[in-house]
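The values are calculated or read from the model by the stated rules, or taken from the named source; none is laboratory data. Treat the numbers as computed from the prediction; the structure is a model and nothing was measured. Positions of Cβ are generated from backbone atoms using ideal geometry, with glycine treated the same way; all protein chains shown enter the neighbour counts.
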Amino acid sequence: MARLAAYSLASIVVAASALPSAAAPAVIPLTLPSGKVLQVEVMVEDQDRALGLMFRPSLAPDRGMLFLFEDLDFHGIWMKNCKFPIDILWLDADKKVVHVQEGAPPCTAEPCPVYSPLRRARYVVEIGSGQARREKAAVGAAISFSRPR
């Protein structure tokens, strides 16, 4: 019986190792209006966008996160399980800033607030708190990046 259990466990381990592993998100350069270049993780899938910056202890000043959406919409962002405040930029299809939320704080109690733009957006960029103002990322400013293939 023990041999059968060991064989079954080994079969499960072998089968699991044959499954494709979750790929790390692509990291691309993104240029803010000031000219500062950040390395941003690109979130394309729903499960990746839902996780976002959750559970991370911090965000380096030269890093950020870029959420890609297929549709132009009022994409909401929340700060559940986030450990630090961030600035959130919503961009239109031309990569122009349509809304800025400065200093969105971590959620401390349910229900967590949802931050949404006043205009429809195709992309959302999360950067360190205070960076939007320092790097001139105001409504109407252009952000530059190339979508990964």
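Filtered by the rule that a residue be under 25 Å from residue 70 (Cβ atoms), of a type outside the set (A, V, I, L, M) and more than 18 Å from the chain's Cα centre (by Cα), the range 97-140 gives 119, 140.
The set of residues in the range 100-132 being in contact with a Leu (Cβ under 8 Å, 6 or more places away or on another chain) and part of a loop (DSSP other than H, G, I, E, B) consists of 120 alone. Evaluation of residue 66 against the conditions (1) over 17 Å from residue 25 (Cβ atoms); (2) at pLDDT 95 or above; (3) surrounded by 15 or more Cβ atoms within 10 Å (Cβ to Cβ); (4) touching a Leu at 6+ places or on another chain (Cβ under 9 Å) shows that the sole unmet condition is (1). Check whether at least one residue in the range 85-93 is touching an Asp or Glu at 6+ places or on another chain (Cβ under 7 Å), under 17 Å from residue 132 (Cβ atoms) and free of Cβ contacts under 8 Å to residues at least 40 places away in the same chain, and report yes or no. Checked against the condition, which is being touching an Asp or Glu at 6+ places or on another chain (Cβ under 7 Å), under 17 Å from residue 132 (Cβ atoms) and free of Cβ contacts under 8 Å to residues at least 40 places away in the same chain, the range 85-93 yields at least one hit.
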